[in-house]
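Participant: Below is the structure I would like to discuss, written out as structure tokens.
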Amino acid sequence: MKKFLRLKPYLQGCRWIVVLSLFCALLATGSKLLIPFLAGKLINQLAQNQVDETSFGLYLKIMFVLVGIGTLFRYAFDYLTALLGQMVIKNLRKSLFKAYQEAPISYIDQRRQGDLLLRLVNDVENVQTGLVAGFAAFYDGVIAIGFTLVFMATLNWALALIVVLLTPLSMLISRKVSRFNSKYFKAQAASSGEVMAFANESLTNSETVETLDIGGAREQDFAKVNEGNRQNTFKAAFGASLINPSTRLLNAIINAAVIAVGSYFLIDKVNVGVSFLIGDLSAFLTYAANYMQPFNEISDVVTEIDYAFASFKRIDDAVNLKRDVNAGQEKLDGPITSLEAKDLHFSYDPSREIIKGFNLAIRQGHKIALVGPTGCGKTTLINLLLRFYDPQKGAFYANGISTQDIEKSSFRNHVGMVLQDTWIFSGTVYENIVYAKPSASKEEVYRAAEKAQASGFIERLPQGYDTLISDSSGLSIGEKQLLCVARVMLLEPEIVILDEATSAIDIRTESLLSKSFAELMKGKTSLVVAHRLSTIVASDLIVVMKDGEIIESGNHQELLAKKGFYASLYDAQFH
């Protein structure tokens, strides 16, 4: 019961279905269980050779009506429980996706994509299967047990007492085995995530695998991961298979006890305060079987229920994970006139500090370039500025306000960023560009594409701006990057961030983009992370970083004159 109560937050908008399905279950089960009672009375008349044609005919008619009512409301109950399951799953998947969108970047970075996708797809489907089967069995079973107890007590309270006293043994066995299996289902869900993550990783990087000729090694590694999943699945399935036979054996013993004691009552005419005839025994045996049936049905689906709740726990843990770092309360109503980093300290791992006491004043309208060897902290600074991560000490300040006190959306609305990695979704070229600004006119979209030097290749596509594309549509990396640049140009943000934005573009296209970037960044603040020093020679300030610290700063000519680290980097690229 506690497990089902954990689904309560996901029942939003489903309360009327719960009430209506309960009503249908009452009518369907009540109609079904009244039939054996009436059948027993008919058998009593036949056994005693005292058939009352009026009551006999009436009982038959009522039984036919009850069959119709039971069938109709059984269909309604099954439909409503299936609908309820779909609505809960919709809420569950929506909540999980929302949690992913609001999760800290660190949460996404530290987990394998395959496992995250497994929770969103396979785990949700497991919950759906177990929810519909388990909910219907539990819901319908409680009502059936209640009605059956009433009818059994009416027929013979002594036999009913025997059944009730022996029933806990069946429940105890089912519960013990279920608890024992719980750990195996959790292990199975976790190992399934590992299998999917490994497969996703290999398929995503299939070109690298083929180039390095390590397909055989990856197959061996996959076999090991898959073997672990096979063992966990076998243990879970084997343990679950013990429940059904054990409970059915006990149910058979209970039925045998009812037949033996009931026959004794009939043969010796034992008086327990109620009339008890052969028809009553027949009806009682039907009720005894119906009484145990809900337990049997629950034991039948216990594997799916346990597996579903193992998956549900993984989903619920993700839904209730700590949301992104403090969103702040302040808003930026006007333009950002000043931007400054003060005494920044940051580390992904406490044992290794990435940024060490970083200080930098970024003047409005200036182009700032960040250069240095790989791993020096350039991209980490961008992550801190946009608050994908928060520093352990210090902060960025916009208009004198710590960015940690500013609403993220309020600050990020002033920023446009082009990354080294492109993001193209399935849709038309036009939709990919206008995605950042849905209210933009066609003229604005076309103008942005022209500024990004993308209009030339777009117009050569089969349907131009209406051509359907995707991340694997056949566009070159450079063409995808041009679309991403056009997307940012459409926004015309105050602050432009280019993180290795031209690294995947050829020299000719880069030359064209330089003019576009110069126009885009005119009068705007810009931060450029680049390895190609040719793209940043015109920067107002070049910040040279090493091991998370600034070791040199100045414009291109000043840094060359110092003949320091920057000069050595420049000479290495051009001499």
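The values are calculated or read from the model by the stated rules, or taken from the named source; none is laboratory data. Predicted, not measured: the structure shown is a model, and the values here were computed from it. Virtual Cβ from ideal backbone geometry, glycine too; neighbours counted across all protein chains shown.
Participant: Does D506 meet the test of being modelled with pLDDT of 90 or more, surrounded by fewer than 16 Cβ atoms within 10 Å (Cβ to Cβ) and either over 27 Å from N413 (Cβ atoms) or not charged (D, E, K, R) (or both)?
Facilitator: no
Participant: Continuing with the same structure: From the residues in region 10-66 that are charged (D, E, K, R) and surrounded by 14 or more Cβ atoms within 10 Å (Cβ to Cβ), which one is nearest to Y287 (Cα to Cα)?
Facilitator: Result: K32.
Participant: Among the residues of region 391-411, what is the count of those that are surrounded by 17 or more Cβ atoms within 10 Å (Cβ to Cβ) and more than 16 Å from G334 (Cβ to Cβ)?
Facilitator: 6
So that you can scan it fast, the table gives a plain yes or no per residue for (1) modelled with pLDDT of 75 or more; (2) out of contact with any Leu (no Cβ under 6 Å at 6 or more places or on another chain); (3) of a type in the set (S, T, N, Q):
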site: E297; (1), (2), (3): no, yes, no
site: S311; (1), (2), (3): yes, yes, yes
site: G328; (1), (2), (3): no, yes, no
site: K367; (1), (2), (3): yes, yes, no
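Participant: To continue, here is another question. Of these, G141, G134, which one is assigned to a helix (DSSP H, G or I), assigned by TED's automatic domain parsing to the domain that holds N226 and modelled with pLDDT of 75 or more?
Facilitator: Unique residue meeting the criteria: G141.
Participant: Just checking, how many residues over region 427-451 are under 36 Å from the mean Cα position of the chain (by Cα), closer than 22 Å to R412 by Cβ and either of a type in the set (A, V, I, L, M) or surrounded by fewer than 21 Cβ atoms within 10 Å (Cβ to Cβ) (or both)?
Facilitator: 11
Participant: Could you please give the count of residues in region 43-57 that are touching a helix residue (DSSP H, G or I) at 6+ places or on another chain (Cβ under 7 Å) and modelled with pLDDT of 75 or more?
Facilitator: Result for region 43-57: 2.
Participant: Of the conditions (1) in contact with a helix residue (DSSP H, G or I) (Cβ under 7 Å, 6 or more places away or on another chain); (2) not in a helix (DSSP H, G or I), L92 fails just one. Which one is it?
Facilitator: Among (1) in contact with a helix residue (DSSP H, G or I) (Cβ under 7 Å, 6 or more places away or on another chain); (2) not in a helix (DSSP H, G or I), the lone unmet condition for L92 is (2).
Participant: Here's a follow-up. Output the residues belonging to region 516-566 that are over 27 Å from L344 (Cα atoms) and touching a Leu at 6+ places or on another chain (Cβ under 8 Å).
Facilitator: F517
Participant: With (1) crowded, with 20+ Cβ neighbours inside 10 Å; (2) within 23 Å of F312 (Cβ to Cβ); (3) at pLDDT 80 or above as the list, and T148 as the residue in question, which single condition is left unmet?
Facilitator: All conditions pass for T148, except number (2).
Participant: Exactly one of (1) surrounded by 13 or more Cβ atoms within 10 Å (Cβ to Cβ); (2) free of Cβ contacts under 8 Å to residues at least 24 places away in the same chain; (3) over 30 Å from A144 (Cβ atoms); (4) among the charged types (D, E, K, R) is unmet by D109. Its number?
Facilitator: (1)
Participant: A further question follows. Do you know which residues across region 412-425 are surrounded by fewer than 16 Cβ atoms within 10 Å (Cβ to Cβ) and at pLDDT 85 or above?
Facilitator: N413
Participant: Residues that are in contact with a strand residue (DSSP E or B) (Cβ under 8 Å, 6 or more places away or on another chain): list the helices (runs of 4 or more DSSP H) wholly contained in region 327-444 that include at least 3 such residues.
Facilitator: Fully inside region 327-444 and qualifying: 378-385.
Participant: Here's another thing I want to ask about it. If you go through region 541-548 one residue at a time, do you hit one that is out of contact with any strand residue (DSSP E or B) (no Cβ under 8 Å at 6 or more places or on another chain), under 28 Å from P391 (Cβ atoms) and modelled with pLDDT of 85 or more?
Facilitator: For region 541-548, residues out of contact with any strand residue (DSSP E or B) (no Cβ under 8 Å at 6 or more places or on another chain), under 28 Å from P391 (Cβ atoms) and modelled with pLDDT of 85 or more: present.
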